Structures are given as structure tokens and as C-alpha cells.
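Undergrad: Quick one: this structure, given as C-alpha cells, is what I'll be asking you about.
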Amino acid sequence: MQKPILLQGHERSITQIKYNREGDLLFTVAKDPIVNVWYSVNGERLGTYNGHTGAVWCVDADWDTRHVLTGSADNSCRLWDCETGKQLALVKTSSAVRTCGFDFGGNIIMFSTDKQMGYQCFVSFFDLRDPSQIENNEPYMKIPCSDSKITSAVWGPLGEFIIAGHESGELNQFSAKSGEQLSNIKEHTKQINDIQTSRDMTMFITASKDNTAKLFDCTTLEHLKTFRTERPVNSAALSPIFDHVVLGGGQEAMDVTTTSTRIGKFEARFFHLAFEEEFGRVKGHFGPINSVAFHPDGKSYSSGGEDGYVRIHYFDPQYFEFEFEA
């Protein structure tokens with residue numbers, strides 16, 4: 001592995017990192033109010049989106065990288081002009097915004113809010129083509145989730161539904177048209193920390209506190225594969241070019257005292273998608289890895305940690321010649 005590019009733009013733990021569709025930009029958010037965007041090729045910081053006043057939990061960019069969406073513990077979801085950094089819209093909420101995302105066309109945004117201080121968890125949908133929805137803070141649809149709060153959510157294929165993961169380990173699909181629950185399954189025993197779809201939107205991978213990551217079919221929610229570790233999995237991503245999965249997470253308490261101070265002992269772990277076997281690890285972070293993402297071309301990946309650093313790793317030539325022996 002070549003020496004990673006280290007991005008130092010946050011003062012607190014990283015909460016999410018996200019590439020745009022082309023992969024030339026990497027967006028990073030953390031438990032500080034700063035939203036950063038970087039050139040992924042050399043790690044140069046392009047700029048910041050300034051306005052939040054609390055931890056930023058989530059970030060997304062639309063299909064053609066015109067707009068950026070962020071959700072924060074300051075009880076707001078904000079829309080930004082990607083190029084200029086200008087704040088285009090602000091939606092006030094009653095509790096922290098935990099997840100957010102653009103649909104495939106970039107016209108509809110969804111975000112979920114936390115269950116806190118007497119407010120229940122909601123998923124709200126706004127159509128950006130109708131400016132009055134944001135101006136009057138009137139989403140065209142708002143789905144209550146009274147049972148278990150949503151901890152991660154993504155759009156399904158073609159923007160027909162969203163896939164939501166819950167604190168309870170449940171997964172469900174909500175129709176983006178009617179708001180009805182289309183299906184519900186419980187394969188995880190603990191909270192779902194992260195959901196990421198495959199490049200073609202046919203599958204998605206979940207990362208859970210129950211020490212596993214699991215692969216599902218986007219449309220049927222059929223459970224396809226399980227990747228087991230000995231520690232909570234905070235984030236998982238699917239390679240766009242190989243049958244590879246990268247997982248990021250913590251380390252057991254008993255290991256912490258034996259950590260050498262020179263090199264971070266927290267590892268990103270690589271598994272084969274079909275065989276569910278681990279084939280590689282990359283050390284580097286000085287705290288748990290909170291978010292991982294593959295570059296859309298599959299030639300590099302990035303990780304964001306509890307240590308506040310984001311690391312961009314470019315794969316060696318050997319990685320591309322690697323044949324998995326089952």
C-alpha cells in the first residue's frame with residue numbers, strides 16, 4: 001500500500017465521508033460544525049460549507065455535484081451550492097438530523113431526525129422543484145417511526161423507496177410516494193450504524209453494532225451474505241469493480257493498552273464478497289474507524305476516524321492482480 005494521503009480538516013471525530021459520483025471530490029463531516037470538501041486525487045482542500053452550529057452527522061452530494069446536503073445536531077438540514085459554498089436552504093427540525101440523502105434525480109431530498117426530548121423520529125421528504133415546501137417547512141411527506149429510531153438510511157434504486165436501518169437492528173423500506181412500509185426484516189441483533197448501496201443500486205451492505213456487516217438485495221431485502229468480526233462495525237462499503245468489501249470499526253478494550261503510539265492500530269478490514277473471507281487489513285487510525293468509502297473507480301478507498309483524520313489510500317498494483325483462493 002502506498003503512503004496514504006492524510007486529510008486534517010476537523011477538530012473532532014469524523015462522522016461521515018462521501019465521494020461525489022465522479023469521485024473527484026470527497027466530502028467529510030465530523031462532530032464539529034465544519035463541512036469540508038477535498039480533491040480526492042491529492043488531498044487538497046477545496047473549501048468549506050459554513051453555517052452549522054453543532055455536530056454534523058451526515059452529508060450527501062447530488063448526481064451532478066451541483067448541490068450538497070448536510071444534517072446536523074443543531075436541529076437543521078441544509079442545502080448548499082457545491083461550487084460556491086453558499087447556503088441555499090435551511091430546514092429547521094425539532095431534533096438532530098441523523099441521515100440525509102438526494103434521490104437519483106437530485107430533485108427530492110429525504111432526511112431522518114432523532115427521537116429526543118419528547119419528539120419522535122421522523123423521515124421527511126421535500127421536493128426541491130417546489131420551493132414553497134422548504135420556505136414553509138412543509139415536506140410533501142413525513143413518516144413517523146415510533147418504534148425504533150432510524151440510525152442510517154439510503155435511497156433505493158430509481159428513487160422509489162428508501163431503505164432505513166434502525167437502532168433495534170431492523171431494516172425496512174418506505175415508499176417515497178405513499179410513505180407506506182413496503183417490507184421489514186430483522187437480520188441484525190443490534191443497531192445498524194451504516195448502509196451503503198452497490199454502484200448499480202442492486203445490493204446494499206449494512207454495518208452493525210452486533211459485530212457483523214451483511215449484504216442484502218435492495219428490492220427484496222433478501223439477506224445474501226454475512227461478514228463477521230470481533231468488534232462493532234461502524235461502516236461498510238462495496239467495491240465498484242471487485243467482489244470486495246471494506247469494513248471499519250473499533251477494537252476490543254483489551255487491545256487498547258497494547259497499542260504502540262507510532263502507528264495507529266485501528267484497521268480497515270477487507271473481505272471477499274462471495275466467500276465471506278477476510279483477505280487483508282490496513283492499519284493507520286488512532287481510534288475507531290467511523291466511516292469508509294470506496295472511490296467510484298475502485299482504485300482507492302478512504303476512511304474517517306474517531307481521531308479526526310481522514311485517510312485516502314491508493315491500492316497497489318498487486319491489489320488488482322490478486323486472485324482469491326477459496
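Undergrad: Quick check: residue separation of E138 and E222 times 0.36 nm, minus the Cα distance between them. What number comes out in nm? Each step should come with its number before you reach the end.
TA: Details: separation 84, 0.36 × 84 = 30.24 nm, distance 3.44 nm.
Contour length minus the Cα-Cα distance gives 26.8 nm.
Undergrad: Under a GNM of the chain (C-alpha, springs under 10 Å), which listed residue has the highest mean-square fluctuation: D200, D64, D74?
TA: Looking only at D200, D64, D74, the biggest GNM fluctuation is shown by D200.
Undergrad: Next up: In the Gaussian network model of the chain, springs joining C-alpha atoms below 10 Å, which of S208, S132, S303 carries the largest mean-square fluctuation?
TA: Of the options given, S132 has the highest mean-square fluctuation.
Undergrad: I would also like to ask the following. Just the accessible area for E170, please: 1.4 Å probe, Å², rounded to the nearest 10?
TA: 50 Å²
Undergrad: In whole angstrom, how far apart do the alpha carbon centroids of the range 266-288 and the range 29-97 sit?
TA: Result: 28 Å between the Cα centres.
Undergrad: Further question: Quick one: 3J(HN,Hα) in Hz for the range 268-275, Karplus 6.51/-1.76/1.60 with θ = phi - 60°, rounded, Gly and Pro as x.
TA: Values, residue by residue: 8, 10, 9, 10, 7, 4, 7, 8 Hz.
Undergrad: Starting from the residue with the highest accessible area, list H285, H223 in decreasing order, probe 1.4 Å. Each step should come with its number before you reach the end.
TA: Values: H285 5, H223 60 Å².
If we order H285, H223 from most to least accessible, we get H223, H285.
Undergrad: Could you go through the range 148-161 in sequence order and give the Karplus-derived ³J(HN,Hα) for each residue, using 6.51 cos²θ - 1.76 cosθ + 1.60 with θ = phi - 60°, rounded to whole Hz, and x for Gly and Pro?
TA: 9, 5, 7, 10, 7, 8, 9, 6, x, x, 6, x, 7, 8
Undergrad: Calculate how large, on average over all directions, the projected area of the Cα convex hull of the range 1-132 is; give the answer in nm² to one decimal. Present the calculation step by step, with values, prior to reporting the outcome.
TA: Details: hull surface 34.3 nm².
Averaged projected hull area, Cα only: 8.6 nm².
Undergrad: Only Cα pairs within less than 10 Å get springs; with that Gaussian network setup on the chain, which residue of I241, I205, I14 has the largest fluctuation?
TA: Most flexible of the set in this elastic network: I241.
Undergrad: H285's amide H: which non-local residues (gap 5+, or another chain) put their own amide H closer than 5 Å, with H modeled 1.01 Å from N in plane and none for Pro or chain starts?
TA: F266
Undergrad: Across every pair of different alpha-carbon atoms, what Kirkwood hydrodynamic radius in Å does the range 74-189 reach? Don't skip to the end; give the middle numbers.
TA: On the way: mean 1/r = 0.0688 Å⁻¹.
In the range 74-189 this quantity evaluates to 14.5 Å.
Undergrad: Next question, about the same structure. For a bin width of 10 Å, list the pair-distance distribution of the chain built from all Cα-Cα distances, rounded to whole %.
TA: Using 10 Å bins, I get a P(r) of 6, 28, 37, 23, 5, 0 for the chain.
Undergrad: Give the span of the range 259-322's Cα atoms along each principal axis, as three whole-Å numbers ordered largest to smallest.
TA: 33, 23, 20
Undergrad: According to a simple spin-label model (label point 7 Å from Cα along Cα-to-Cβ), what is the distance in nm between R66 and D81?
TA: Taking the two extended label points, one gets 1.2 nm.
Undergrad: Per DSSP helix of 4 or more residues, -39500 (n - 2.57); summed, then divided by the residues of the chain. What does that give at 222 nm, rounded to the nearest 500? Spell out each step's value before the answer.
TA: Values: 3 runs with 14 residues, N = 326.
Helix-only estimate at 222 nm: -1000 deg cm²/dmol.
Undergrad: Which entries of K186/K299; K115/K283; K31/K190; K149/K225; K31/K177 show an alpha-carbon separation above 27 angstrom in the structure shown?
TA: Numbers: K186/K299 33 Å; K115/K283 35 Å; K31/K190 23 Å; K149/K225 25 Å; K31/K177 33 Å.
With Cα atoms farther than 27 Å apart: K186/K299; K115/K283; K31/K177.
Undergrad: Can you list, bin by bin at 5 Å, the percent of alpha carbon pairs in the range 179-226, starting at 0?
TA: 5, 21, 30, 26, 15, 3, 0
Undergrad: With contacts defined as alpha carbon pairs under 8 Å and 6 or more residues apart, what's the relative contact order of the chain in percent? Don't jump to the answer; show the numbers that get you there.
TA: On the way: 933 pairs, mean separation 43.4, N = 326.
Computed value for the chain: 13 percent relative contact order.
Undergrad: What translational diffusion coefficient, in µm²/s and rounded to a whole number, does the Stokes-Einstein relation yield for the range 43-110 at 37 °C and a viscosity of 0.692 mPa s, taking the hydrodynamic radius as the Kirkwood radius over Cα pairs?
TA: Numbers: Rh = 12.1 Å.
In µm²/s, the coefficient is 271.
Undergrad: Taking only protein heavy atoms and a 1.4 Å probe, what accessible area per residue, in Å², does the chain have with all protein chains in place?
TA: Details: 14180 Å² over 326 residues.
Per residue, the chain has 44 Å² of solvent-accessible surface.
Undergrad: Tell me, what is the 1.4 Å probe accessible area of E230, in Å² to the nearest 10?
TA: That residue has around 90 Å² of solvent-accessible surface.
Undergrad: Now a separate question. Whenever you get a sec, line up W63, W57 from highest to lowest accessible area (probe 1.4 Å, protein heavy atoms).
TA: On the way: W63 110, W57 65 Å².
Final ranking, largest accessible area leading: W63, W57.
Undergrad: Just the number: Rg to Rh for the range 100-160, Cα atoms, Kirkwood Rh, two decimals.
TA: Details: Rg = 12.1 Å, Rh = 12.3 Å.
Using only Cα positions, Rg/Rh for the range 100-160 is 0.99.
Undergrad: Using protein chains only and a probe of 1.4 angstrom, how many square angstrom of T229 are accessible, to the nearest 10?
TA: We get 20 Å² for T229.
The values are calculated or read from the model by the stated rules, or taken from the named source; none is laboratory data. Since this is a predicted model, take the numbers as computed values, not measurements. Cβ: placed from backbone, ideal geometry, glycine included. Neighbour counts: every protein chain shown. Side chains included, ligands, DNA and RNA excluded: accessible areas come from the protein's heavy atoms. Shrake-Rupley method; radii C 1.70, N 1.55, O 1.52, S 1.80 Å.
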